[in-house]
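S.K.: Provided herewith is a single structure, encoded as structure tokens, for subsequent inquiry.
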Amino acid sequence: MLSRGGELYLELMKRVLANVVYEDAPVGWYGDLDGYDTKARSQGLDLPTTAHTMVGLKRLANVQACVERVIRDKVPGDLIETGVWRGGVCILMRAVLEAYGVRDRRVWVADSFEGVPVVHSASHPLDRDMALHRINGVLKISQEEVRENFSRYGLLDGQVDFLAGWFNETLPGAPVDSLAVMRLDGDLYESTMDALTHLYPKLSVGGFVIIDDYNIEPCRQAVWDYRSRYGIEEPIEPVDTCGVHWRRTG
């Protein structure tokens with residue numbers, strides 16, 4: 001049971017990570033927003049200039065709920081996010097562990113820290129069409145900056161591990177024994193498929209898969225293809241207009 005102080009700590013963490021406290025404006029060229037918009041920030045529909053996450057309050061609440069559930073149900077395993085941007089979601093994962101006094105789980109921070117892969121002739125067609133690397137100037141956040149963001153919250157410690165590099169290179173041999181929550185935020189087909197291929201087999205029964213970019217066709221198609229290939233039939237539950245999750249039952 002979390003104390004009232006713990007509840008307030010996690011609520012404040014979410015509000016600070018999404019910067020609904022100081023209401024920073026989105027990147028000027030992103031979308032049609034003119035200044036800070038409360039609804040857009042809540043749903044993660046803007047691209048903040050300074051906030052430590054772009055996923056919004058609803059998806060942050062989902063992360064908290066999933067981590068709390070696996071703690072309560074004693075589902076074994078660590079927590080991972082693939083594609084972390086400024087690190088806000090992973091910081092929240094670590095904060096939840098801290099609030100509950102959990103010392104036997106780790107948070108894995110997996111990212112290239114170089115932005116998204118540049119597409120080429122052999123890339124998946126949906127990834128080529130999207131060409132998300134064109135905004136790597138905004139998406140590329142260094143490992144040093146993410147570490148510093150953890151430090152600002154007093155949460156950079158031995159329970160935080162970094163997996164730096166492209167997913168197809170780092171995830172196959174990642175020293176992760178088991179997972180209780182895996183959150184995928186790689187946007188692209190290949191990034192999503194790499195994460196599912198190498199991490200889903202490590203997900204404990206009762207663990208959660210969270211897909212941040214299900215509203216994006218390349219990501220959604222990768223999820224469909226993987227689930228179809230392995231006969232995964234657990235229902236996909238919406239989080240907001242972008243994200244979804246499901247819980248592994250077998």
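S.K.: When only residues in region 162-189 that are assigned to a helix (DSSP H, G or I) and within 16 Å of the chain's Cα centre (by Cα) count, which is surrounded by the most Cβ atoms within 10 Å (Cβ to Cβ)?
M.R.: Checking each candidate, the answer is Phe167.
S.K.: Do you know which residues across region 82-123 are buried (at least 20 other Cβ atoms within 10 Å of the Cβ), hydroxyl-bearing (Ser, Thr, Tyr) and under 18 Å from Gly207 (Cβ atoms)?
M.R.: Hit for region 82-123 is Thr82, nothing else.
S.K.: Still on this structure: Do you know which residues across region 198-213 are farther than 15 Å from Val55 by Cβ and not in a strand (DSSP E or B)?
M.R.: Of everything in region 198-213, those that are farther than 15 Å from Val55 by Cβ and not in a strand (DSSP E or B) turn out to be His198, Leu199, Tyr200, Pro201, Lys202.
S.K.: Does Gly56 fit the bill of being at positive phi and touching a residue at least 24 places away in the same chain (Cβ under 8 Å)?
M.R.: The answer is yes for Gly56.
S.K.: Another one. Determine if region 77-86 includes at least one residue that is in a loop (DSSP other than H, G, I, E, B), touching a residue at least 12 places away in the same chain (Cβ under 8 Å) and in contact with a Ser or Thr (Cβ under 6 Å, 6 or more places away or on another chain).
M.R.: Looking through region 77-86, at least one residue is in a loop (DSSP other than H, G, I, E, B), touching a residue at least 12 places away in the same chain (Cβ under 8 Å) and in contact with a Ser or Thr (Cβ under 6 Å, 6 or more places away or on another chain).
S.K.: I need a count of the residues in region 111-158 that are in contact (Cβ under 8 Å) with a residue 40 or more places away in the chain, under 22 Å from Glu217 (Cα atoms) and not acidic (Asp, Glu).
M.R.: Residues meeting the conditions: 10.
Quick grid of which residues meet (1) charged (D, E, K, R); (2) closer than 25 Å to Lys14 by Cα; (3) outside any loop (DSSP other than H, G, I, E, B):
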position: Arg59; (1), (2), (3): yes, yes, yes
position: Glu68; (1), (2), (3): yes, yes, yes
position: Ile71; (1), (2), (3): no, yes, yes
position: Met93; (1), (2), (3): no, yes, yes
position: Gly115; (1), (2), (3): no, yes, no
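S.K.: Turning to a different aspect of this structure: Could you tell me which of the residues Leu126, Leu79 is surrounded by 20 or more Cβ atoms within 10 Å (Cβ to Cβ) and out of contact with any Gly (no Cβ under 8 Å at 6 or more places or on another chain)?
M.R.: On inspection, the qualifying residue turns out to be Leu79.
S.K.: A follow-up question, please. Could you grab me the full set of residues in region 131-164 that are within 20 Å of Thr197 (Cα to Cα) and either charged (D, E, K, R) or touching a Ser or Thr at 6+ places or on another chain (Cβ under 6 Å) (or both)?
M.R.: Listed by number, the list holds a single entry, Leu163.
S.K.: If I ask for residues that are in a loop (DSSP other than H, G, I, E, B) and closer than 12 Å to Glu190 by Cα, which ones from region 121-130 would you list?
M.R.: Residues satisfying the conditions are Ala122, Ser123, His124.
S.K.: For region 193-229, name all the residues that are in contact (Cβ under 8 Å) with a residue 12 or more places away in the chain and of a type in the set (Phe, Trp, Tyr).
M.R.: Listed by number, the residues that qualify are Tyr200, Phe208, Tyr214, Tyr226.
Each reported figure results from applying straightforward, stated rules to the coordinates on display, with no laboratory input. This one's a predicted model, so the numbers in the text were calculated from it and none came from an experiment. When we count neighbours, we look across all protein chains shown, and the Cβ atoms used for this are built from the backbone with ideal geometry, even at glycine.
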